[in-house]
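Here's the structure, in structure tokens; my notes come after.
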Amino acid sequence: MPERVFNFFAGPATLPYDVVKEAAKGVVNFENMGMSVMEISHRSAQFDRMFCEAQNNMLKIMGLSDDEYAVLFLGGGASTQFCALPFNFLKDSMTADYVVTGGWSKKAVKEAMFFGNVNIAASSEDSNFSFIPKEFNLTPGAAYVHTTSNNTLVGTQIKNFPETGDVPLVSDMSSDFLSRDLDFSKFSLIYAGAQKNIGPSGVAAVVVRRSWVDQARTEVPTMLSYKTHMSKNSLFNTPPSFPVYVVGLVMKWILAQGGIKAVEAANVKKAELLYSYMDDSNGFYTGTAEKDSRSLMNVTFRLPSEELEKKFIVEGAENDLFGLKGHRSVGGCRASIYNAMPHEGIEALIEFMKGFKAAN
Ligand SMILES: Cc1ncc(COP(=O)(O)O)c(C=O)c1O
């Protein structure tokens with residue numbers, strides 16, 4: 001086995017190799033303290049510096065200011081935010097609008113329904129979520145509008161977010177966070193499990209407009225309350241130390257690439273290369289998402305038969321191309337090509353796809 005293979009898993013997913021190597025050093029001896037980053041107090045000056053730097057660099061990458069937005073690093077994954085969001089903001093008899101574009105959006109809806117009225121502002125479920133709806137039936141005065149920017153399972157991505165006016169716009173960006181340049185100031189709250197684009201599992205980033213948190217409900221269990229975490233700069237309790245440390249390294253890596261615009265440009269190139277090869281394969285590899293909804297992050301496709309798909313996944317792994325199986329709820333194949341997937345990974349995959357097609 002080579003030291004490094006190409007990892008197309010959907011998450012936990014490939015990280016920049018330089019980050020992995022740097023993280024390995026911090027696991028042994030963090031900042032020359034003679035202790036691992038996993039062993040030091042989260043109240044120490046060294047930890048605090050690292051933590052704040054990660055928060056500040058995230059805001060810098062997003063073009064947001066610390067005065068307006070807070071960055072929270074929370075446990076419980078993105079899934080906990082499905083419930084924390086309505087707990088904090090879906091008050092009394094209000095309605096929250098949800099744009100339903102895949103299995104993760106449905107899970108978010110399920111949680112919101114425990115707290116108040118939910119309006120499905122748009123859904124592509126009737127078409128197996130193969131596209132992103134363009135029309136949204138928004139509720140005037142809604143508590144918020146919830147979107148899922150990238151649909152990890154079905155390989156679609158929102159290009160145009162709903163225009164919500166004064167209604168707070170929220171997005172679960174778990175699978176495309178910091179992969180493209182968006183006007184992040186349009187959003188009142190963004191959340192993302194780290195384990196796709198920004199780090200290991202065990203932490204979710206929540207970037208939230210401070211003035212919105214001021215309006216949140218107060219009668220919320222302490223650990224689910226955004227007010228708790230914002231008021232303590234996300235250090236109310238012991239944070240997921242090691243995951244945050246790695247997120248901080250990934251933030252530095254993004255800045256070293258030239259920032260989010262440069263990362264986006266590389267992502268567009270990689271995705272275009274892969275999709276255009278698939279489109280030219282005479283129907284051997286068929287993309288499952290409609291073209292104008294295709295994700296730059298999760299490329300989902302089918303082969304002519306399920307037998308061939310199984311063989312493709314096995315032989316891919318034999319060629320050091322891992323994780324090409326589609327999600328169990330969807331089937332088929334999927335190549336997840338997040339920020340950290342090198343261009344050579346796409347080239348190697350296409351070479352393998354060509355050879356597989358010729359042989360089958
Ligand atoms: C879009 C999206 N939202 C939410 C989740 C759930 O994240 P977690 O496992 O961190 O709870 C995932 C996980 O794959 C996801 O892809």
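The values are calculated or read from the model by the stated rules, or taken from the named source; none is laboratory data. Predicted model only: the values in this text are computed from it and were never measured. So basically every Cβ, Gly included, is an ideal-geometry build from the backbone, and we count neighbours across all protein chains shown. Protein only, heavy atoms only, side chains kept; ligands, DNA and RNA dropped before computing areas. Shrake-Rupley method; radii C 1.70, N 1.55, O 1.52, S 1.80 Å.
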### Task
Go through the stretch 295-316 residue by residue and tally those that are in contact with a Lys or Arg (Cβ under 8 Å, 6 or more places away or on another chain), open to solvent by 20 Å² or more (accessible area, probe 1.4 Å) and assigned to a helix (DSSP H, G or I).
1
#### Entry: Candidates Pro239, Pro243 - the one that is at pLDDT 95 or above, in contact with a His (Cβ under 8 Å, 6 or more places away or on another chain) and within 16 Å of the ligand (Cβ to nearest atom)
Pro239
### All positions within the stretch 1-48 that are part of a loop (DSSP other than H, G, I, E, B), of a type in the set (A, V, I, L, M, F, W, C) and surrounded by 13 or more Cβ atoms within 10 Å (Cβ to Cβ)
Val5, Phe8, Phe9, Ala10, Ala13, Leu15, Met33, Met35, Val37, Ile40
### Query
Here are Asp280, Asp320, Asp292: which of them is over 19 Å from the mean Cα position of the chain (by Cα), surrounded by fewer than 19 Cβ atoms within 10 Å (Cβ to Cβ) and under 24 Å from Asn151 (Cα atoms)?
Asp292
### Query
Just checking, how many residues over the stretch 200-216 are within 16 Å of the ligand (Cβ to nearest atom) and assigned to a loop (DSSP other than H, G, I, E, B)?
4
### Message
Looking only at the stretch 165-199, count every residue that is in contact with a strand residue (DSSP E or B) (Cβ under 6 Å, 6 or more places away or on another chain), in contact (Cβ under 8 Å) with a residue 40 or more places away in the chain and either more than 10 Å from the ligand (Cβ to nearest atom) or outside the structural domain of Ser65 (by TED's automatic domain parsing) (or both) and tell me the total.
### Response
4
### Task
Could you please give the count of residues in the stretch 101-142 that are in contact (Cβ under 8 Å) with a residue 60 or more places away in the chain and under 19 Å from Tyr191 (Cα atoms)?
4
## Note on the structure
Checked against (1) touching a Gly at 6+ places or on another chain (Cβ under 9 Å); (2) crowded, with 21+ Cβ neighbours inside 10 Å; (3) not assigned by TED's automatic domain parsing to the domain that holds Phe73, Tyr285 satisfies every condition except (1)
### Query
For the stretch 49-156, which strands (runs of 3 or more DSSP E) that fit wholly inside it have 2 or more residues that are more than 16 Å from the ligand (Cβ to nearest atom) and open to solvent by 50 Å² or more (accessible area, probe 1.4 Å)?
117-123
### Query
Just wondering, is there one or more residues in the stretch 217-233 that are open to solvent by less than 10 Å² (accessible area, probe 1.4 Å), within 16 Å of the ligand (Cβ to nearest atom) and at negative phi?
no
### Query
Assuming Val330 fulfils every condition listed in (1) open to solvent by less than 50 Å² (accessible area, probe 1.4 Å); (2) modelled with pLDDT under 95; (3) of a type outside the set (Ser, Thr, Tyr) apart from one, which condition is it?
(1)
